[in-house]
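Report on the structure given below.
The values are calculated or read from the model by the stated rules, or taken from the named source; none is laboratory data. The structure presented is a predicted model; accordingly, all values stated were derived computationally and were not measured. Cβ atoms come from the backbone with ideal geometry, glycine included; neighbour counts cover every protein chain shown.
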């Protein structure tokens, strides 16, 4: 590192990680969520059942031109690069905020801003889970740079004597785009409000710019409100039910916290611990308000995890914590705690490399494991091609699966045919393709990774399902999964199969 500046090493590290993402993006098929959000771009709308529309809108130009997974994945890769760059910039601004207010105390103890920025970037690169969102576009991939952008505007607010109208307009645009990305952007808006409240000497609610920003944000999210109003607010109802999960249990909270540490790495925790211990001596109220960009969403998701929560929901929050952790890690570095940082950094990067290798190899199949989650990333393209051939040969009304997670890949890789999800859950597929008509004949796809019994019986479903063909997915001489195709005749019930 002596031969390059910290900023150069930050740039080099980001480029290396981006090249890895680029290579992996062309090597594997779409995951469940990727295919689902790519279908958003195929079916443009003002909003959608489970999320706001930006995750679909932003893909529309590429999806309209190509079906190549690697090309479409350039979008999340660029968003990840933008996020890491913003982590670096926010780190520099926080460093300036601390040093500007208490120069006498900190000039000899606070590390250089570029070293702090490098450490923040390395902490993100060494975190395993953000690489998943760098390859596959999720709403959280969008929300991460937008949250950091709002954090940067919050720092600009604390630094500038006069927050110009242009600054307010940019803030309003970022808030509106965040609202178009994910409903949890409301947590980021609350954090921004806390920063305003932490500066009681600066007026903001009486400023015309504040109301202009609010009007811009409301205008941008108006398509979501209009669409939900036209659809009986189904998206909000779904998110409330989805967020609350099932029965609340303490052990799920403990498991969630453990998974968070594993997914984002102890390097970030070491950094924030050192920051609080050695760098949190000035501007405490403002810094606490800035930390709320992490604390508010993380606390809410942790509380909800007692009923069930997904680990990637907190990714934008961890990106907002990285600048503080970077300053703490740089402080630990200059205090000669370099062995611990090196061990954690190398260990986490090694875990990331193992993960990349497992993805390319197709995962591990073992009797000790109930399933191989990596197998889900292979075979759907071939299965889609075979399904189209069989459906055309049998002249069926469409394709059916028995869970929406199977439906997203089936619909993406068989784009010429309607896909019906036969279950008791209302979802986006009901809006796209409607209900399966009574008397319909369909091609049923059953996947070994999530097997179901054929939907036949006395009460409802089809009169019969006759096996037609099967397809084994083989990678490096090993069977990853199997697809079974059946012809199901005469749908006899307007309801759903159990």
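Below are the figures for this structure:
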{"item": "Residue in segment 277-297 that is more than 27 Å from residue 184 (Cα to Cα) and assigned to a helix (DSSP H, G or I) present", "result": "yes"}
{"item": "Residue match in segment 453-475 (condition: at pLDDT 90 or above, surrounded by 13 or more Cβ atoms within 10 Å (Cβ to Cβ) and assigned to a loop (DSSP other than H, G, I, E, B))", "result": "no"}
{"item": "Given (1) in contact with a helix residue (DSSP H, G or I) (Cβ under 6 Å, 6 or more places away or on another chain); (2) without any contact (Cβ under 8 Å) to a residue 40 or more places away in the chain, index of the condition residue 410 fails", "result": "(1)"}
{"item": "Given (1) touching a residue at least 40 places away in the same chain (Cβ under 8 Å); (2) surrounded by fewer than 18 Cβ atoms within 10 Å (Cβ to Cβ); (3) outside any helix (DSSP H, G or I), index of the condition residue 340 fails", "result": "(3)"}
{"item": "Identity of the residue in segment 193-220, touching a residue at least 60 places away in the same chain (Cβ under 8 Å) and buried (at least 17 other Cβ atoms within 10 Å of the Cβ), that ends up farthest from residue 313 (Cα to Cα)", "result": "198"}
{"item": "Helices (runs of 4 or more DSSP H) wholly inside segment 92-171 containing at least 3 residues that are more than 26 Å from residue 269 (Cβ to Cβ) and in the same structural domain as residue 326 (by TED's automatic domain parsing)", "result": "139-159"}
{"item": "Candidates 18, 10 - the one that is part of a helix (DSSP H, G or I) and either outside the structural domain of residue 355 (by TED's automatic domain parsing) or crowded, with 20+ Cβ neighbours inside 10 Å (or both)", "result": "10"}
{"item": "Out of 496, 405, sole residue that is at pLDDT below 90, part of a loop (DSSP other than H, G, I, E, B) and under 23 Å from residue 241 (Cβ atoms)", "result": "496"}
{"item": "Qualifying residue in segment 223-231 (condition: more than 30 Å from residue 128 (Cβ to Cβ), within 21 Å of the chain's Cα centre (by Cα), surrounded by fewer than 19 Cβ atoms within 10 Å (Cβ to Cβ) and assigned by TED's automatic domain parsing to the domain that holds residue 151)", "result": "no"}
{"item": "Some residue of segment 195-203 being part of a helix (DSSP H, G or I), within 26 Å of the chain's Cα centre (by Cα) and in the same structural domain as residue 295 (by TED's automatic domain parsing)", "result": "yes"}
{"item": "Any chance residue 280 is in contact (Cβ under 8 Å) with a residue 60 or more places away in the chain, surrounded by 14 or more Cβ atoms within 10 Å (Cβ to Cβ) and in the same structural domain as residue 113 (by TED's automatic domain parsing)", "result": "no"}
